[in-house]
Amino acid sequence: MNDPYRISRDDTSRAAPPRSSRPPRPGGAVLRAVLWVVLMVSAVVNVIANNLGDGISPLGMGAGVVSVACIAALIIHHFRGRGA
């Protein structure tokens, strides 16, 4: 009885290519770097604006929304870039 889950040297035709052989999507690293920079800047602006003002300032709220949007975009970019 053959074991369908056993990996043998004769069964290399069905194996998927390693991830490193797949070419990366163009512009992926640049987009990720820009998202990280925008996230860091907006997080700093958020902290400073909310600590200097009386309560919650519109600038701090805007920077917080931008921070959350960057986090969501980075998560989406990560999972789309993993490959299927």
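Structure notes:
- On the beta carbon distance between Met40 and Arg82, with R0 = 30 Å, the FRET formula returns roughly 0.80.
- Of the residues Asp54, Asp3, the one with the largest accessible area comes first in the ranking Asp54, Asp3, computed with a 1.4 Å probe on protein heavy atoms.
- Karplus-derived 3J(HN,Hα), 6.51/-1.76/1.60, for each residue of the range 47-60, Hz, glycine and proline x: 5, 5, 5, 6, 8, 8, x, 8, x, 8, 9, x, 5, x
- Counting all C-alpha pairs of the range 22-73, share separated by more than 12 Å (%): 63 percent
The values are calculated or read from the model by the stated rules, or taken from the named source; none is laboratory data. Computed from a prediction, not measured in an experiment: that's the story for all the values here. Note: ideal-geometry Cβ built from the backbone for every residue, glycine included; neighbour counts use all protein chains shown. To get the accessible areas, we keep the full protein, side chains included, count just its heavy atoms, and leave off ligands, DNA and RNA. Shrake-Rupley method; radii C 1.70, N 1.55, O 1.52, S 1.80 Å.
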